[in-house]
Amino acid sequence: QQQVKQSPQSLIVQKGGISIINCAYENTAFDYFPWYQQFPGKGPALLIAIRPDVSEKKEGRFTISFNKSAKQFSLHIMDSQPGDSATYFCAASLYNTDKLIFGTGTRLQVFP
Amino acid sequence: GAVVSQHPSRVICKSGTSVKIECRSLDFQATTMFWYRQFPKQSLMLMATSNEGSKATYEQGVEKDKFLINHASLTLSTLTVTSAHPEDSSFYICSAPDFSSYEQYFGPGTRLTVT
């Protein structure tokens with residue numbers, strides 16, 4: 001119940017295309033859903049986050065779509081660029097704990 | 001966003017020695033910090049929660065006597081790997097929630113290699 005399932009494991013996208021990464025969870029007590037971007041040898045960097053009272057949040061080229069009834073959320077990267085090539089992690093945390101449960105990660109490669 | 005720093009960025013030590021890793025929140029106070037371990041091409045595994053002014057809480061399977069955590073102030077937490085062995089070689093990352101924004105920020109990580 002504490003798991004966050006992430007797919008796909010890897011993704012190859014052409015420059016300018018849309019990258020879509022999906023996550024699913026079971027525990028309805030999760031109330032905070034961030035996405036992190038990680039480059040090799042670096043710590044994860046917060047990209048965008050959403051709470052369950054909102055179905056979509058957009059920041060620049062990054063959009064989170066959240067489906068509370070299906071217990072799923074996804075990251076969309078519009079106009080994908082080679083500089084977006086990195087590993088992306090979704091995560092979830094329980095109400096009032098700040099403890100993050102991470103998905104397994106998606107390695108994104110954007111080719112010119 | 002808020003900034004979390006870690007020191008050192010990489011360290012090589014001999015088997016049997018101890019290594020200390022520092023995690024600092026640079027522009028906000030953090031009563032709680034988290035320590036993670038990450039193996040190559042894998043996800044982050046939460047090791048423990050560092051609490052300012054009280055004992056750390058460890059995740060199941062993490063040896064508290066091996067991974068000593070001290071949250072000395074509202075901006076500093078340290079992780080000491082005691083009697084390190086080659087299997088402790090890993091990428092260690094800390095994080096801290098900024099309660100003014102409710103977002104959680106990660107440090108740049110520390111690469112530990114035990115020879």
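Quick notes on this one:
- One residue stands out in segment B:63-83 among those that are hydrophobic (A, V, I, L, M, F, W, C) and part of a strand (DSSP E or B): the one that is farthest from the chain's Cα centre (by Cα), namely B:72.
- Boolean, residue B:92 is facing chain A (nearest Cβ under 9 Å) and buried (at least 18 other Cβ atoms within 10 Å of the Cβ): no
- Only residues that are within 12 Å of chain A (Cβ to nearest Cβ) and of a type outside the set (A, V, I, L, M, F, W, C) were counted in segment B:1-36, giving 8.
- Considering only residues in segment B:39-65 that are under 17 Å from residue B:76 (Cβ atoms) and surrounded by 14 or more Cβ atoms within 10 Å (Cβ to Cβ), the one that is nearest to the other protein chains (Cβ to nearest Cβ) turns out to be B:49.
- Odd one out for residue B:101 among (1) more than 10 Å from chain A (Cβ to nearest Cβ); (2) exposed (fewer than 14 other Cβ atoms within 10 Å of the Cβ); (3) in a loop (DSSP other than H, G, I, E, B); (4) not charged (D, E, K, R): (1)
- Any hit, segment A:101-112, residues being crowded, with 19+ Cβ neighbours inside 10 Å, closer than 23 Å to residue A:12 by Cβ and touching a Pro at 6+ places or on another chain (Cβ under 8 Å): yes
- Among the residues of segment A:93-112, those that are at the interface with chain B (Cβ under 9 Å from one of its Cβ atoms) and assigned to a strand (DSSP E or B) comprise A:93, A:100, A:101, A:102, A:107.
- Hits in segment A:1-26 (condition: in a strand (DSSP E or B) and within 19 Å of residue A:93 (Cα to Cα)): A:4, A:5, A:6, A:7, A:21, A:22, A:23, A:24, A:25
- Some residue of segment B:79-91 being free of Cβ contacts under 8 Å to residues at least 12 places away in the same chain, under 25 Å from residue A:106 (Cα atoms) and not charged (D, E, K, R): no
Bear in mind that the values in this text are calculations on the coordinates, not laboratory data. Since the model is a prediction, treat every value here as computed from it, not as a measurement. Using ideal geometry, Cβ is built from the backbone for each residue, glycine included, and neighbour counts are taken over all protein chains shown.
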